[in-house]
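Working notes, structure below.
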């Protein structure tokens with residue numbers, strides 16, 4: 001098993017211990033009699049509880065004990081796998097969490113940058129307010145109304161701020177910062 005994923009899980013667990021969560025929720029790792037592993041992580045109160053989960057493509061492997069199944073239902077991550085799949089199950093959970101970083105989880109510098117970038121863009125979006133008219137956005141082909149104190153709709157206003165370096169640029173899939181804002 002990858003020791004990095006275990007160290008990450010320890011940090012994830014510690015970040016969620018708040019004097020209450022660990023008494024009614026937590027992490028359970030147990031063996032199965034077929035043989036194999038079951039990992040259950042209660043996500044109640046965690047930022048991950050409502051995030052979409054896609055089943056990993058990890059069915060039956062070449063050997064009979066290379067199977068794995070993971071899912072999230074009712075705020076609980078359940079991972080099942082063969083006797084050599086414990087690390088893989090934990091890795092699935094870690095990768096899922098990495099797609100939706102938040103301040104209540106252990107963060108890499110890249111994830112911290114992503115959260116900061118998202119918050120920076122959201123602050124500007126809130127300040128811009130709703131689109132109002134009657135004037136339309138001046139971006140070519142845009143039919144939306146402009147925001148107050150701008151000739152653009154909210155999206156085009158933000159895009160222009162990103163173009164000139166005043167706001168960070170996030171990848172289309174939303175999982176990494178492509179360019180930070182100029183300081």
With Cα coordinates, the longest principal axis of the chain makes an angle with the long axis of helix 86-99, in degrees rounded to 10, of 10
Most packed first (mean Cβ within 10 Å per residue), the peptides 75-83, 33-41 order as 75-83, 33-41
With the label point 7 Å along the Cα-to-beta-carbon line of residue 132 and a cut-off under 12 Å to each amide N, the hits in the stretch 150-183 are 150
Tilt, helix 3-16 to longest principal axis of the chain (alpha-carbon atoms), in degrees rounded to tens, equals 70
For the chain, longest principal axis from Cα atoms; helix 154-163 axis from its Cα atoms; angle between them, nearest 10 degrees, is 90
Candidates for semi-axes √(5λ) of the Cα gyration tensor in Å are (1) 28, 19, 15; (2) 30, 19, 17; (3) 42, 18, 15, and the calculated one carries label (3)
One finds the C-alpha centres of the stretch 105-166 and the stretch 1-42 to be spaced, in Å, by 38
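Order by neighbour count: 175, 92, fewest other Cβ atoms within 10 Å first, most last.
Final ranking by Cβ density, sparse to dense: 175, 92.
The numbers here are math on the coordinates, done by the rules we state, and not lab data. Since the model is a prediction, treat every value here as computed from it, not as a measurement. As a convention, Cβ positions derive from the backbone with ideal geometry for all residues, glycine included, and neighbour counts pool all protein chains shown.
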